[in-house]
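Working notes for the structure below.
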Amino acid sequence: MAEATEFKAIGTRPVRPDGVDKVTGRAQFGADLNLPNMLYGKVLRSPHAHARIRRIDLDAARAMPGVHAVVSGADFPGAQHGEIGGEGGGDVADVAKNVMARDKVLYHGHPLAAVAATSQAIAEAALAAIEVEYEVLTPVLDLEAAMAPDAVLVNENCFTKNLPEPAEKPSNIASVMTLARGNVDEGFELADVIVEGEYRIPMAHQGYIEPHACTATVNESGQATVWTCTQGHFALRTQTANILDMSVADLKFIASEIGGGFGGKTVVYLEPVAVMLSTQARRPVKMVMSREEVFRASGPAAGSCAKIRVGAKKDGTITAATAWLAYEAGAFEGAPMGPGAMCVFAPYDLENFRVEGFDVLVNKPKVAAYRAPGAPQSMHAMESALDDLARELNMDPIDLRLKNAVAEGSQAAYGPKFPAIGFRECLEAAKAHPNYQKPVPEGAGRGVAAGFWFNAGMESSAEVHINEDGTVQIIEGSPDIGGSRASMALMAAETLGVPYEKIRVLVGDTEASGFNNVTGGSRTTFATGMAVIQACEDIIAQCKDRAAKTWGVDADQVEWEDGQAIPAPGVNAELKPLTLAEIMKTAARTGGPILGRAALNARGPGAGFSVNFGDLKVDRETGKVDVLSFTAIQDAGKAIHPAYVEGQMQGGAVQGLGWALNEEYIFDGNGVLENPGFLDYRIPVASDMPMIDTQIIEVPNPSHPFGVRGVGETPIVAPLAVAANAVRDAIGRRVHDLPLSPPNVLAAIEEG
Amino acid sequence: MGSFAYVAPKSVAEVTGLLSEIAGSGSRAQIMAGGTDVLVQLKTVDRSARTLVDIKGLPETARLEIGESETYIGAAIPSAVLNENADLTALFPGLTEAADLIGSTQIQGRASIGGNLCNSSPAGDSIPALIANGAVCVIAGTGGERVLPVEDFVTGVGRNALADDEFLLGLKIPNPGPRTGDAYLRFIPRTEMDIAVAGCGVRLDLDEQGICTAARVGIGAVAPTALLVPKAAEALIGTAVDDAALAAAADACSEAASPISDKRGTVAFRRKIIGVLMKRAGAIARDRAAARS
Ligand SMILES: Cc1cc2nc3c(=O)[nH]c(=O)nc-3n(C[C@H](O)[C@H](O)[C@H](O)COP(=O)(O)OP(=O)(O)OC[C@H]3O[C@@H](n4cnc5c(N)ncnc54)[C@H](O)[C@@H]3O)c2cc1C
């Protein structure tokens, strides 16, 4: 940790470099690219949630004028098993089959063929001309029923992983995990009060505004260029190479500006298909999903069922806790059961606990990451149970959490010892917050909950070039979703001592930048930021060298201050400081251009904790819930650009509240999604939400030069239980299952 | 987007002539007012080829006239124009509130209540308010004009009483009396940009003692078409529109409803909600009527 606490650039709120182009419509998003001779690619999607493909006949489609390429699963290489690449991407063979079904279709909307044609209308007509014969199978749609030993199988070759004894017969349970400490039976014996509950949450979608879109062009030597909107063009390149059995060197990926991802744009859907179509057609192919396709066939967040039991002494000390957590993976394994299980008790210092997790196949789309994947589902259950416990104990819910909160040195439930963390600071700030001191408005209830996310480090690279006039060009490869260009420029400004306005940041394509893993896991400001800082330090070392050469002194007789080389104390005081611009003027003579670089696998991302509370009003005659006020408090370590940290906290709060109140995937009995659009998939509109009040806590992360922790994911975790606890407070009954939609809340009121 | 031809006739006769000619030739014509339903449908629901007949350019569909005893609203007038007309909102606050609920500011720059009615969705927001206000459709066809009460206009989900050569010119609404009030409320899970789970329009007259002398109640989204609920009106007439009367009217609405269970709500939920809306809209209409005198 840098000892400097007086920052010049860090902590200011300049306008983001990409802002003007975005608000004027100049920025190029995924679907904005058009190339000469471009074709339109479209995907044929399964009308069944579960069926065997008996026969596909592509001939009629191929014969249509204007159709230049038609592909189906048979055209793709046989998929070998292996890590797909990227953050939690899963197995290559699975993602390959998710991109294009082979022998079976596993959810309604599963791609099974694709065409490229000179117009969208011709492409659609060609899809209609493809003949498919299906053997329709019973879809597996209910999470708990899917776990039964005699359930219909989504995948006959799925044998449960991580069992004490290897599984003998196939099952929909793809894998299990257990996490335990102490002795829970003894722990419950010691308890004065025990609470328990079962909580179900349906699948939900990230709801990013920009649908998936990409354009691919493959030249005659087999080299492909792909423009795509993604959270990680390097990861998508690896995935595409793995699925198509291509060399990474033959794939160039260029990330467009991105209209939201929230975890959902870390895996391929269209890219390998577009490359295949372009290879066949020898023309560029653009593919854009409709909103309906995004809902039906991209990766929503897992639906879940959580059973929680918590015991405590009269003074609030938790003596034991158990969690049983099942997650819907969708059609292929890979639900965020692991992180969900590791997060559920993470904020609490528990002697005795046991967590069991299940990753369960169902005939629904393959789930993808959604902000803090797995944590909202499991922590909603735990934070609801703690609310019940506080009531039983007649304790303030914040005091109950303070009583059990982890602090520096506590052994996390998921293993390591926590370094400096800010959970207690968040709890204390919540307790002292003016909004918490205010009485709860008439007809409303108040809910409190905590949130947690590990945050990630992973690989990042950065280069810093000093232009001939002393201005600065940064090149890195992390797509800018939440204002990271601004944060990179601020950290460079702080390190180099150069004004923010003189710094430009390029998110380079896979040929222009060193490897950067996805913008996910709340890692970019932390990890790519660390690479930028180190690259700037590299620049400073070189500049000191150049100044030493100019002055004819040793490099260790030069120091760097406020963007200038200065003589060290005691060295010739007559020497005038050299600015970056001055150093560049003579750079040709002192060694040529100046370029700094760093590449790293960042360690110690620093756990993120939050405490949220809100007042929600319930219309007792209709069950409608209104959010009157909401306060988000979170440890950011150090807020590089506080406005964008607040933006993450506010956006996460709204997404969490939306998930809690009205968002849900509604499937009919055949596994067809009934609400594949924003009319009936109800994300909150602006007028649904009050101003989300924020308070940033700064307990510096010891692993980062400026103390940064990831802030992007923690914000979505707590709001689900805040909403549930507030509704519990308002109506005097707990509604265990989400969403807290009017029919569900009214039913609970009327039962009571 | 489906393919379409576009025409913008300048007279009523031209429109009806075109409609009958195109229908006679076995092709398809479709009237377009604001297009906020038409374009969405053309893009997603039914992409079959057609001729769009834009009726915004006719004097008869663009005219807004507040007369002595009745008000005429041209079928193609955008709801923003209605909501921004202070005389109209003073006369029919419930009806203009319904128009103000349609979509967003942007949508309201185009969306008409004529289009809302002719789209004939069970959930169209202006329809229960029009029914409550006793609105009458003025319909033009090759044979001339005819009139039809709004409650008889919609015949099923997406279907109405217009013949192939007919279109809606405008709506005639009796002006309120000295102690008349109207109100419209809908229920949606959000605050805006949503579709009614249930909607209820009420218009009532009070006498000098505050006793209800006349009432009309229209309900929407709880049956295949919006309905006039005479029993709810009867429950209010002769009362001071107190809680008991409102509760009786609410029960009448719940009974008249024949909703379906779907992704937007269950049968039980919708029956319950339509009653709640009746009570609340009734109280607003009563208070407005009382305030007018
Ligand atoms: C984002 C969005 C939000 C919406 N929100 C709401 C809402 O909250 N509540 C609601 O009720 N509706 C809503 N709608 C639907 C729509 O805006 C309304 O139904 C609107 O009133 C339709 O009016 P229009 O002038 O645009 O009709 P158009 O789209 O032009 O026409 C609608 C239908 O009526 C027919 N038609 C129109 N005028 C005539 C005529 N004079 N004679 C014969 N037939 C005619 C057309 O052929 C068509 O079938 C929404 C639509 C959108 C896109």
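The values are calculated or read from the model by the stated rules, or taken from the named source; none is laboratory data. All of these numbers come straight from a predicted model, not from anything done at the bench. A quick note on method: Cβ atoms are made from the backbone with ideal geometry, for glycine too, and the neighbour counts reach across all protein chains shown.
Odds and ends about this structure:
- Where residue B:287 falls short, out of the listed (1) surrounded by 19 or more Cβ atoms within 10 Å (Cβ to Cβ); (2) in a helix (DSSP H, G or I): (1)
- Residues located in the range B:264-278, provided they are of a type outside the set (S, T, N, Q) and either at the interface with another protein chain (Cβ under 8 Å from one of its Cβ atoms) or crowded, with 23+ Cβ neighbours inside 10 Å (or both): B:264, B:265, B:269, B:270, B:272, B:273, B:274, B:275, B:276, B:277, B:278
- Candidates A:61, A:51, A:116, A:126, filtered to the one that is surrounded by 16 or more Cβ atoms within 10 Å (Cβ to Cβ) and under 21 Å from residue A:670 (Cβ atoms): A:51
- Test: residue in the range B:72-85 that is more than 14 Å from chain A (Cβ to nearest Cβ), within 14 Å of the ligand (Cβ to nearest atom) and polar (S, T, N, Q): yes
- Only one entry in A:163, A:106, A:137 is aliphatic (A, V, I, L, M) and closer than 25 Å to residue A:267 by Cβ, namely A:106.
- Residues in the range B:182-203 that are within 19 Å of residue B:231 (Cα to Cα) and either within 12 Å of the ligand (Cβ to nearest atom) or surrounded by fewer than 24 Cβ atoms within 10 Å (Cβ to Cβ) (or both): B:184, B:199.
- Counted residues, the range A:633-684 - those being of a type in the set (Lys, Arg) and within 9 Å of chain B (Cβ to nearest Cβ): 1
- Some residue of the range B:144-158 being more than 14 Å from the ligand (Cβ to nearest atom) and surrounded by 24 or more Cβ atoms within 10 Å (Cβ to Cβ): no
- Residue ranges of strands (runs of 3 or more DSSP E) in the range A:161-221 with at least 3 members over 30 Å from residue A:712 (Cα atoms): A:193-201, A:213-218
- Residue satisfying all of: in the range B:22-55; surrounded by 16 or more Cβ atoms within 10 Å (Cβ to Cβ), more than 7 Å from the ligand (Cβ to nearest atom) and charged (D, E, K, R); nearest to the chain's Cα centre (by Cα) among these: B:54
- The strands (runs of 3 or more DSSP E) located wholly in the range B:179-248 that include 3 or more residues which are in contact with a Phe, Trp or Tyr (Cβ under 9 Å, 6 or more places away or on another chain) and away from chain A (no Cβ under 14 Å) occupy B:198-206.
- Residue that is farthest from residue B:287 (Cα to Cα) [pool: residues in the range B:249-263 that are of a type in the set (Gly, Ala, Ser) and within 14 Å of another protein chain (Cβ to nearest Cβ)]: B:261
- Among the residues of the range A:253-304, those that are among the aliphatic types (A, V, I, L, M) and either within 21 Å of the chain's Cα centre (by Cα) or under 30 Å from residue A:736 (Cβ atoms) (or both) comprise A:254, A:255, A:258, A:267, A:268, A:270, A:289, A:294, A:297, A:301, A:302.
- Criterion: within 29 Å of residue A:523 (Cα to Cα) and either at pLDDT below 95 or not assigned by TED's automatic domain parsing to the domain that holds residue A:356 (or both) - qualifying residue of A:270, A:277: A:270
- Taking (1) surrounded by 20 or more Cβ atoms within 10 Å (Cβ to Cβ); (2) more than 10 Å from the ligand (Cβ to nearest atom); (3) within 21 Å of residue B:233 (Cα to Cα) in turn, residue B:134 satisfies each apart from (1).
- Unique match (being modelled with pLDDT of 95 or more, more than 12 Å from the ligand (Cβ to nearest atom) and crowded, with 18+ Cβ neighbours inside 10 Å) among B:162, B:206, B:169: B:206
- All of (1) part of a loop (DSSP other than H, G, I, E, B); (2) over 20 Å from the mean Cα position of the chain (by Cα); (3) not acidic (Asp, Glu) hold for residue A:465 with one exception: (1).
- Enumeration of residues in the range A:485-535 that are within 27 Å of residue A:607 (Cα to Cα) and among the aromatic types (Phe, Trp, Tyr): A:515, A:526
- Subset tally (residues that are small (Gly, Ala, Ser), more than 6 Å from the ligand (Cβ to nearest atom) and more than 19 Å from residue B:222 (Cα to Cα)) for the range B:100-123: 2
- Cβ separations smaller than 6 Å between residues 6+ apart or across chains give the following pairs from the range A:597-622 residues that are within 14 Å of chain B (Cβ to nearest Cβ) to residues that are in a loop (DSSP other than H, G, I, E, B) and surrounded by fewer than 24 Cβ atoms within 10 Å (Cβ to Cβ): A:617/A:443.
- Residue count for the range A:400-454 under the criterion of being part of a helix (DSSP H, G or I), free of Cβ contacts under 8 Å to residues at least 60 places away in the same chain and over 27 Å from residue A:735 (Cβ atoms): the result is 5.
- The lone exception for residue A:24 - which of (1) hydroxyl-bearing (Ser, Thr, Tyr); (2) over 21 Å from residue A:507 (Cβ atoms); (3) exposed (fewer than 13 other Cβ atoms within 10 Å of the Cβ) it fails: (2)
- Here residue A:720 meets each of (1) within 13 Å of chain B (Cβ to nearest Cβ); (2) in contact with a Phe, Trp or Tyr (Cβ under 8 Å, 6 or more places away or on another chain); (3) part of a helix (DSSP H, G or I) with one exception, condition (1).
- Failed condition for residue A:731, given (1) farther than 13 Å from residue A:627 by Cα; (2) surrounded by 24 or more Cβ atoms within 10 Å (Cβ to Cβ); (3) over 24 Å from the mean Cα position of the chain (by Cα); (4) away from chain B (no Cβ under 14 Å): (2)
- The one condition in (1) away from every other protein chain (no Cβ under 14 Å); (2) within 11 Å of the ligand (Cβ to nearest atom); (3) crowded, with 19+ Cβ neighbours inside 10 Å; (4) not in a helix (DSSP H, G or I) that residue B:19 fails to fulfil: (4)
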